[in-house]
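Written below as structure tokens is the structure these notes are about.
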Amino acid sequence: MSHSKIYMEALKSDIRKALANKKAFACPIAMRVAWHASGTYDKNDGSGGSDGATMRFEPEISDDANEGLLIVRDMLREVKEKYPELSEADIWTLAGSLAIEFMGGPVVPHRFGRTDDPDGSRCPENGRLPDASQGADHLRDVFYRMGFDDRDIVALSGGHTVGRCHKVRSGYDGPWTHNSLEFDNSYFKNLVELQWKPREWDGEFQFTDVETETLVMLPTDMALIEDDEFRPYAELYARDQDAFFNDFANAYARLMSLGCPEECDPTAEVPAAVEETDTRSAEFREFAMHGSVEYMKRIAAESDVHAAEPISGRTALHKAAFWGHEEAVDYLVNDCELDVNVQDYNGDTALHDAARFGHYNIAKTLLDGGADPSITNQLGQDVATLARAYNKTDIAELATQTTPTRPMPAV
């Protein structure tokens, strides 16, 4: 597996943990955050869209349609802290795309390249997002402005298959489906197959199903079966979930890239990414990870043995120490004279890795080579603290009794 794929799997896992945990399951609203960050785009002047993450600023942050979305943006903050190289705009749109997949929906293509604006000077005016109280003409005004057609409008409306309305935020109340955390075509089945009537209640005008009076449809939802151009697509998606998934994934991916640099467009032709031009150094780190000292020595002269992996900031020494390869660590410290105090993306040194997994001999080699046990990682842990947390008391004791004895080498 390539380094970029490993990175993406780790990022995907961290986003999943941020959105789905013991406290909450926030995938539906994460999908909405990304939708609302992107759905302000105007093809006529290029304004709006997800680039810039302008929802952080006034007046966009106070748009009535964005009520309650701050919660998910804060939930994703820990992802931003762990991946500072990514913009919030990229994290929001990726989280929205992945949320669909996490709920059983289609895989939505996504590409990076968005940046974060420093202020709200590019905020679009409020009112660009759909108004659920209106009908087909309004939907066309909003979606045509972004460059979508009727089929796209119906497909994207299928996002209502997950989540629910909250009176305290939108004035509407209730779920569109009985399984509101599962992304499928239930929304269209309900819309087409059930009977609907106006709901008698003290909130905004909406519809409820005749049979159970527990489901909701909004005026914009009903427009999909009342409009002669929209209805055939709603009926198609009601009977063919694959067709819905294909069209939704395509339209949502395009939505996420509106107003963004070209490299964000998943449908555009872009050159294949090159992970790292220095392939020999990457190969050297790979051999270190597996403890293959013989092969490390063969290519050392052709490699930058000190080089860190671009994505993670991890050196050959990190990799060898992590997996407990004593001979490789000894070679890297004493023959290659690697800097033993390099910190990776998480602030960990090779000594942190050795301590975490109880590699006592490696810890000693690193300490003898000048490793500083007082360096703290992003969690504020020095080596002794981390070692105790993992019940590696022998390494914790070793770390507290040792001070660096060799100056760091010049690289």
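Each reported figure results from applying straightforward, stated rules to the coordinates on display, with no laboratory input. Note that the structure is predicted; figures quoted are calculated from it, not measured. Backbone-built Cβ (ideal geometry, glycine too); neighbour counts: all protein chains shown.
How charged is the neighbourhood of N346? Take every other residue with its Cβ under 12 Å from the Cβ of N346, and add Lys/Arg as +1 and Asp/Glu as -1. Could you put the intermediate results ahead of the total?
Values: positive: K82, R314, R356; negative: D14, E81, D344, D348, D353.
Neighbourhood net charge equals -2.
Where does helix 241-256 land angle-wise versus the long Cα axis of the chain, in degrees 0 to 90, nearest 10?
70 degrees
Give me the log10 of I(q) over I(0) for segment 322-394 at q = 0.16, 0.21, 0.24 Å⁻¹, as the Debye formula computes it from C-alpha points; what are the numbers?
-0.48, -0.83, -1.07
Taking the Cβ of P219 as the centre, find all other residues whose Cβ is under 10 Å away and add up their charges (Lys, Arg: +1; Asp, Glu: -1). Display every interim value, and only then the final one.
Values: positive: none; negative: D131, E204, D221, E226.
Local net charge: -4.
Rank M296, P84, S170 by how far each Cα sits towards the positive end of the charge dipole of the chain (+1 on Lys, Arg Cβ; -1 on Asp, Glu Cβ) and give me just the farthest.
Of the listed residues, the answer is M296.
Could you work out the mean projected area of the convex hull around the alpha carbons of segment 3-102, in square nanometres to one decimal? Spell out each step's value before the answer.
On the way: hull surface 27.8 nm².
For segment 3-102, the mean projected area of the Cα convex hull comes to 7.0 nm².
Rounded to the nearest 20 debye, what is the charge dipole size of the chain about its Cα centre when +1 sits on each Lys and Arg Cβ and -1 on each Asp and Glu Cβ?
Values: 40 positive and 73 negative charges, 230 e Å.
Value, rounded to 20: 1100 debye.
Anything over 27 Å Cα to Cα? Flag those among K22/K197; K23/K392; K43/K189; K167/K189, in the order listed. Don't skip to the answer; put the middle values down first.
Values: K22/K197 37 Å; K23/K392 31 Å; K43/K189 32 Å; K167/K189 24 Å.
Going by Cα-Cα distance, K22/K197; K23/K392; K43/K189 fall outside the 27 Å limit.
Let's test this: bin the Cα-Cα distances of the chain at 20 Å from zero up to the farthest pair and state each bin's percent.
So the P(r) values, bin by bin, are 24, 43, 25, 8, 0.
Nearest 10 degrees, 0 to 90: what angle lies between the long axis of helix 27-38 and the longest principal axis of the chain (Cα atoms)?
Taking the Cα atoms of the chain, the angle to 27-38 is about 80 degrees.
Would you mind telling me which residue in E88, E101, E211 has the biggest mean-square fluctuation in a Gaussian network model of the chain, where springs connect alpha carbons within a distance under 10 angstrom?
Its mean-square fluctuation being the largest, the pick is E211.
If pairing requires two Cys Cβ atoms under 4.7 Å apart, which cysteines of the chain are left without a partner?
If one checks each Cβ against the other cysteines of the chain, C27, C123, C165, C336 turn up with nothing under 4.7 Å.
Could you give the angle, 0 to 90 degrees to the nearest 10, between helix 3-19's Cα long axis and the longest principal axis of the Cα atoms of the chain?
Computed tilt is about 60 degrees.
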